[in-house]
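Engineer: Below: one structure in structure tokens.
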Amino acid sequence: MSTLTEHSTPVGPFTLDAFNHALDAHKSLPTWWIARKKDAYAKFASLPYPTDTDESWRFSNRSTFKLDGFSASNTHPKALANKIELLGKPALTFVNNELVASNPLDQSLINSGVIVSTIKEALKSHPEVLKAHFMAQTQRLGSEKFASLHTAFIEDGAFIYIPKGVEIKQPITIVHSANGDLVSIFPHTLIVAEDNSQVSVIDYFVSDSKSKHFCCGANDLYAGHGSKITYVGLQNWSNHDLCLQMNSTVVRRDARAQSLNLHLGGHQARHESLSQLQAPGAFSEMLALTIASGEREFDQRTLQIHQAPNTKSDLLYKNVLQDKARTIFSGLIVVDQDAQKTDAYQSNRNLMLSDSAEANSLPGLEIQANDVRCTHGATTARIDPEELFYLQTRGIPEVKAHELLVFGFFEEVLNRLEDEDLHAALRSIIQSKFK
Amino acid sequence: MADKSTTSEPEQTENPVLGIDQSAGNFSYNVDYEFDAGTGLSEKTIDYISAAKKEDPWIKEFRLKALKVFESKPMPTHWATKDLENIDFNKIRYYLASGQKPKRTWDEVPDDIKRTFERLGIPEQERKFLAGVEAQFDSEAAYSNVKEAVAKQGVIFMNSSEALREHPEIFKKWFGKVIPTGDNKFSALNSAVFSGGSFIYIPKGVKVSHPLQAYFRINAENFGQFERTLIIADEGSEVTYMEGCTAPKFSTSTLHSAVVELVALKGAKIQYITVQNWAANVYNLVTKRGIAHEEAEIKWIDCNIGSRLTMKYPGVVLKGRKARGEVISIALANDGQHQDTGAKMIHAADETTSNIIAKSISVGHGRSTYRGMVHMPKHLKGCKNNTECDALLINTNSRTDTYPSITVRGAENKVQHEASVSKVSEEQIFYMRQRGLTEGQAMSLSVNGFINDLASQFPMEYSVELKRLIDLEMEGSVG
């Protein structure tokens, strides 16, 4: 029963020596943080690699999901791979795990107590918030090992704190970047929206297009009572990258979390998204758009957990498949026994643009309460020839008609965004992928 | 709850709203067994079965190989319920036969077995009217009567041992080919110890007008039944086969693990209907699969009401162009029951279509699970699948799960899957109570309404029986 031959080094370059070395490089870290990292490392090293019988890795190409070859420490220059301009200057820019640029907040926001800072900074100023929310939710989607790796090796990340009742209109952009061949990065964004606050955050992931990186990121979203978080994860890694992103969202009473993940890059990209609806009136909207081309694999795993009565979740994941690309969507809605009056929806739509592409869909439900409204659907098809024909009869050339229908496929998701500028910006990024 | 209970006696939890009468439908008779292979499974058990059945050496060889496969395969608990671990293979009897040769006339059937059929509710006249009755009494067919007209058409309808002995030239070719021994742990177990079941051959172009029918029951404590069914419909032929199960209730778990293989050759049509109503202590772990050749059609109508744990995913391999597969599934899970059912559609040729309609009802602590697989590999064109799963939850602590898996390659195919979960609407119940129905009657009517469109696809007598079984389950359900 030896699977060790496949993964001769289950820790890859992330050996105990490498871990200790990384810890030594950062003096004056709080002891609780160091203890947590050590625990995480022990867990990472002891947990097995995903195996054939691992349902949460079903259909994933595990033979290429390997840590070997990447570098645990990086000495590459902390230069930004690409210039990023998305609705104004980014608030924070991280390259290879370090903050390289920041733009100060409006003074009025600073005065109202809003904090857009780094995790390093927050370790000093807000340890209690970090203790409560940083990687605080149990990983349930298959990447416990890599979540531990993330905690063990994380150096820095974004820390966003919105005090009670404060509403921020302008989206806050955070850039996470990798630069240099075989670099490993551990991006993190933590958002805590206190009661009745509002914030919108864009995580922009990008790496230099020529080389290969290992990007093992995570984010924690906490939406306090009556708050509203809009989160956009714009993943545009290099086409060689191995990437894994673990998202965790907690939604409290009458709060609303909307997250939209755009998957454009990476050679093998896995995204796990967990939404916990913890109190009545909580609403989580989970959206994703993927453009899969070449021989790349996009693996998305989602979990909507309804833990309280009268909660709502709505998931819409759309994939466009080209060339020999593969996608996996594995979603699960869990309704706990007490979560009566749950309203949950889950939908996966795959648009096939190639005869060699492969779409896998695993839409699941686990319902333990009876007074619920739960539906899910999954479809896989090409562009409807009748729709194409209709447009052509209106004088639109076939190529253009085809393009319009593909863009229209994305619009259903983008239309859910309230911010029109953001909608336009994302639309143009998507359309540029087809030029 | 089913996976937590370690005793075989299902939980008799009195539901605050529904107090299910678990004793309804329980009956058993004393039977003397002439052949008994004892408990536990080893090569000796197989020697014994093979000798008792006077089998050819190749069959014994087949059984022994299967035993090795069974022993080497782990329990599939990485995806399936942990309740499987409660099966004690050493406590199960793998072969029992009353030593009777299949009976030819109704008069020769023992009276106590007739009583069982009576309890099943099939009127005497209708029983006689049925085209062929192959009622499996424990491991051997206790009664077998192929209506003369069917035999005249050249239809072969006999039990597995008889068929392999008398018509190897027909059955050997497909035996174990649709479902290979190593398909899963329980198909391997069946391959090692199978006995009984029906082997049917329909010659070219023959359309069997009456459904062929067989009833199975388990009638000995700790006794597993491992019947093996193989139906071959030759080119252009048509057949409907019906299988119904009821079983007496016992205090220790019993295991039922059947293998059913269907082969529909070019243009043939097979409809296979099951009403499963095992006692609430039976593990019912069944592998069912058909191969549909060019323009052939295989339809599984699968209804699961009884058993402690049922795991059954009837499948169709759509091997020939324009082949069609369909699964209609109804499951009802009551207290202490887990109905883990579903369907598999493997598309392997152009322009093949498949349709899956699954409806489940969970009552009390019952748990129903839909597990499905739709597979469309590369370079196929014009394949279509439609899947619909609807779950009805009766009580606050009822549970339902849906785990479909859909793989599509290429842009020329089309798949759609939809599932929903709901409860019986309070307005409906209120309305019916206003009209003088009791809450139990109203609930029963609602549940029957929920599955009505599927039940109407059953042949008349099954549809009636199904309605009665649901009434029985919902009967006295409201205190």
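Engineer: Going by the structure shown, is A:Ala357 among the hydrophobic types (A, V, I, L, M, F, W, C) and facing chain B (nearest Cβ under 9 Å)? Spell out the reasoning first.
Structural biologist: Working: among the hydrophobic types (A, V, I, L, M, F, W, C): yes; facing chain B (nearest Cβ under 9 Å): yes.
When the stated conditions are applied, A:Ala357 passes them.
Engineer: Among the residues of the range B:171-181, is any assigned to a helix (DSSP H, G or I) and buried (at least 18 other Cβ atoms within 10 Å of the Cβ)? Before you say what the answer is, go through the steps one by one.
Structural biologist: Going residue by residue through the range B:171-181, those that are assigned to a helix (DSSP H, G or I) are B:171, B:181.
Then keep just the ones that are buried (at least 18 other Cβ atoms within 10 Å of the Cβ); that gives B:171, B:181.
Checked against the condition, which is being assigned to a helix (DSSP H, G or I) and buried (at least 18 other Cβ atoms within 10 Å of the Cβ), the range B:171-181 yields at least one hit.
Engineer: With the structure loaded, tell me whether B:Ile273 is open to solvent by less than 10 Å² (accessible area, probe 1.4 Å), assigned to a strand (DSSP E or B) and over 28 Å from B:Val193 (Cα atoms) or whether it fails that test.
Structural biologist: Details: open to solvent by less than 10 Å² (accessible area, probe 1.4 Å): yes; assigned to a strand (DSSP E or B): yes; over 28 Å from B:Val193 (Cα atoms): no.
No, not satisfied.
Engineer: Here's a check for you: in the range A:22-77, which residue that is under 21 Å from A:Glu358 (Cβ atoms) and in contact with a Pro (Cβ under 7 Å, 6 or more places away or on another chain) is least open to solvent (accessible area, probe 1.4 Å)?
Structural biologist: A:Trp57
Engineer: Quick one: in the range B:27-61, which of the residues that are acidic (Asp, Glu) and not in a loop (DSSP other than H, G, I, E, B) is modelled with the lowest pLDDT? Before the answer, list the steps.
Structural biologist: Of the residues in the range B:27-61, the ones acidic (Asp, Glu) are B:32, B:34, B:36, B:43, B:47, B:55-56, B:61.
Applying the additional criterion that residues be not in a loop (DSSP other than H, G, I, E, B) yields B:36, B:43, B:47, B:61.
Working: B:Asp36: 65, B:Glu43: 92, B:Asp47: 91, B:Glu61: 95.
Top of the filtered list is B:Asp36.
Engineer: Between a residue in the range B:411-423 that is facing chain A (nearest Cβ under 7 Å) and any residue that is surrounded by fewer than 20 Cβ atoms within 10 Å (Cβ to Cβ) and hydrophobic (A, V, I, L, M, F, W, C), which pairs come within a Cβ distance under 6 Å, given they are 6 or more apart or on different chains?
Structural biologist: B:Lys414/A:Ala381
Engineer: A follow-up question, please. Scan the range A:411-424 and report the pairs whose first residue is without any contact (Cβ under 8 Å) to a residue 60 or more places away in the chain and whose second residue is open to solvent by less than 50 Å² (accessible area, probe 1.4 Å), with Cβ atoms within less than 6 Å and a gap of 6+ or a chain change.
Structural biologist: Matching pairs, first to second residue: A:His423/A:Leu414; A:His423/A:Leu417.
Engineer: Another question, then. Checking the condition out of contact with any His (no Cβ under 8 Å at 6 or more places or on another chain), at pLDDT 95 or above and away from every other protein chain (no Cβ under 14 Å), which residue from A:Pro127, A:Pro90, A:Pro77 passes? Working first, answer last.
Structural biologist: Values: A:Pro90 fails: at pLDDT 95 or above; A:Pro77 fails: at pLDDT 95 or above.
Only one candidate qualifies: A:Pro127.
Engineer: Continuing with this model, one more query. State which residue is farthest from the chain's Cα centre (by Cα) when the search covers only the range A:186-237 and only residues that are among the hydroxyl-bearing types (Ser, Thr, Tyr) and closer than 27 Å to A:Gln268 by Cα.
Structural biologist: Among those residues, the one meeting the criterion is A:Ser211.
Engineer: Are any of the residues in the range A:174-189 buried (at least 21 other Cβ atoms within 10 Å of the Cβ), hydrophobic (A, V, I, L, M, F, W, C) and closer than 17 Å to A:Gly88 by Cβ?
Structural biologist: Taking every residue of the range A:174-189 in turn, at least one turns out to be buried (at least 21 other Cβ atoms within 10 Å of the Cβ), hydrophobic (A, V, I, L, M, F, W, C) and closer than 17 Å to A:Gly88 by Cβ.
Engineer: Applying the selection to the range A:222-241, what residues are within 22 Å of A:Lys145 (Cβ to Cβ) and either outside any strand (DSSP E or B) or open to solvent by less than 10 Å² (accessible area, probe 1.4 Å) (or both)? Let's see the steps before the verdict.
Structural biologist: Within the range A:222-241, the first condition is being within 22 Å of A:Lys145 (Cβ to Cβ), and the residues that meet it are A:233, A:235, A:237, A:241.
Scanning the range A:222-241 gives A:Gly233, A:Trp237, A:Asp241.
Engineer: Only one of these conditions is not met by B:Ser360: (1) farther than 16 Å from B:Val316 by Cβ; (2) over 23 Å from the mean Cα position of the chain (by Cα). Which number is it?
Structural biologist: Result: B:Ser360 passes all but (2).
Engineer: Here's something else I'd like to know. Condition test on A:Asn310, is it closer than 23 Å to A:Phe59 by Cβ and either part of a strand (DSSP E or B) or touching a Lys or Arg at 6+ places or on another chain (Cβ under 9 Å) (or both)?
Structural biologist: Details: closer than 23 Å to A:Phe59 by Cβ: no; either part of a strand (DSSP E or B) or touching a Lys or Arg at 6+ places or on another chain (Cβ under 9 Å) (or both): yes.
Judged against the criteria, A:Asn310 is not a match.
Engineer: Quick check on the range B:424-463: of everything there that is of a type in the set (Ser, Thr, Tyr) and part of a helix (DSSP H, G or I), which residue is farthest from the other protein chains (Cβ to nearest Cβ)?
Structural biologist: Taking the range B:424-463 as the starting set, the residues that turn out to be of a type in the set (Ser, Thr, Tyr) are B:425, B:431, B:438, B:444, B:446, B:456, B:462-463.
Subsequent filtering for residues that are part of a helix (DSSP H, G or I) retains B:431, B:444, B:446, B:462-463.
Details: B:Tyr431: 18, B:Ser444: 17, B:Ser446: 13, B:Tyr462: 28, B:Ser463: 27 Å.
Only one residue fits best here, namely B:Tyr462.
Engineer: If you don't mind, another one. Could you grab me the full set of residues in the range A:126-162 that are more than 23 Å from A:Ala91 (Cβ to Cβ) and among the small types (Gly, Ala, Ser)?
Structural biologist: A:Ala136, A:Gly142, A:Ser143, A:Ala147, A:Ser148, A:Ala152
Engineer: Would you mind listing the strands (runs of 3 or more DSSP E) fully within the range B:343-421 where at least 3 residues are more than 19 Å from B:Thr81 (Cα to Cα) and open to solvent by 40 Å² or more (accessible area, probe 1.4 Å)?
Structural biologist: Numbers: elements: B:353-362, B:367-376, B:384-393, B:399-409.
Ranges flagged: B:384-393.
Engineer: Give the range A:238-267 a look and list any residue that's within 14 Å of the chain's Cα centre (by Cα), of a type in the set (S, T, N, Q) and within 21 Å of A:Asn179 (Cβ to Cβ), or say none.
Structural biologist: The one that is within 14 Å of the chain's Cα centre (by Cα), of a type in the set (S, T, N, Q) and within 21 Å of A:Asn179 (Cβ to Cβ): A:Gln245.
Every residue, every condition in (1) open to solvent by 70 Å² or more (accessible area, probe 1.4 Å); (2) within 7 Å of chain B (Cβ to nearest Cβ), yes or no:
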{"site": "A:Asp336", "(1), (2)": "no, no"}
{"site": "A:Ile367", "(1), (2)": "no, yes"}
{"site": "A:Val372", "(1), (2)": "no, yes"}
{"site": "A:Ala378", "(1), (2)": "no, yes"}
{"site": "A:Tyr390", "(1), (2)": "yes, no"}
{"site": "A:Glu398", "(1), (2)": "yes, no"}
{"site": "A:His402", "(1), (2)": "no, no"}
{"site": "A:Leu422", "(1), (2)": "no, no"}
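The values are calculated or read from the model by the stated rules, or taken from the named source; none is laboratory data. A quick note: this is a predicted structure, and the numbers were derived from the prediction, not measured. Cβ atoms come from the backbone with ideal geometry, glycine included; neighbour counts cover every protein chain shown. Please note that ligands, DNA and RNA were not included when accessible areas were found on the heavy atoms of the full protein model with its side chains. Shrake-Rupley method; radii C 1.70, N 1.55, O 1.52, S 1.80 Å.
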